[in-house]
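Novice: Pasting a structure here, questions to come.
No value in this document is a laboratory result; all are computed from the given coordinates. Predicted model only: the values in this text are computed from it and were never measured. Here the Cβ positions follow ideal geometry from the backbone for every residue, glycine too, while neighbour counts run over all protein chains shown.
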Amino acid sequence: MNPITVAELRADWHDAPDLSSEQKQVLGQLAETDLQEALDAAFRRHEDAYFRILDSTLSDATRALLERMAT
């Protein structure tokens with residue numbers, strides 16, 4: 001479940017130095033459903049990346065332990 005709300009996304013735009021006034025205006029006109037879909041998709045991508053890193057870390061630790069036990 002995505003813990004980031006549309007309100008938080010909108011609030012983030014107010015102090016985003018890389019967004020122009022025109023971009024903020026265009027973003028502000030988007031429908032709530034479009035914003036939620038974009039947030040959900042971004043969250044899934046980051047969640048997937050997190051789990052890949054976690055799996056890699058767990059795998060590396062297991063491999064290191066097995067190598068240590070073999071010596």
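Novice: Kindly provide the set of residues from segment 6-32 that are within 18 Å of the chain's Cα centre (by Cα) and without any contact (Cβ under 8 Å) to a residue 12 or more places away in the chain, ordered by number.
Specialist: Pass one, segment 6-32, residues within 18 Å of the chain's Cα centre (by Cα): 6-13, 16.
Matches in segment 6-32: A7, E8, A11, D12, A16.
Novice: Still on this structure, I have one more. Name the residues in segment 1-35 that are assigned to a loop (DSSP other than H, G, I, E, B) and touching a Lys or Arg at 6+ places or on another chain (Cβ under 9 Å), would you?
Specialist: Kept after step one, since they are assigned to a loop (DSSP other than H, G, I, E, B), are these residues of segment 1-35: 1-5, 15-20, 29-31.
Selection gives N2, A16.
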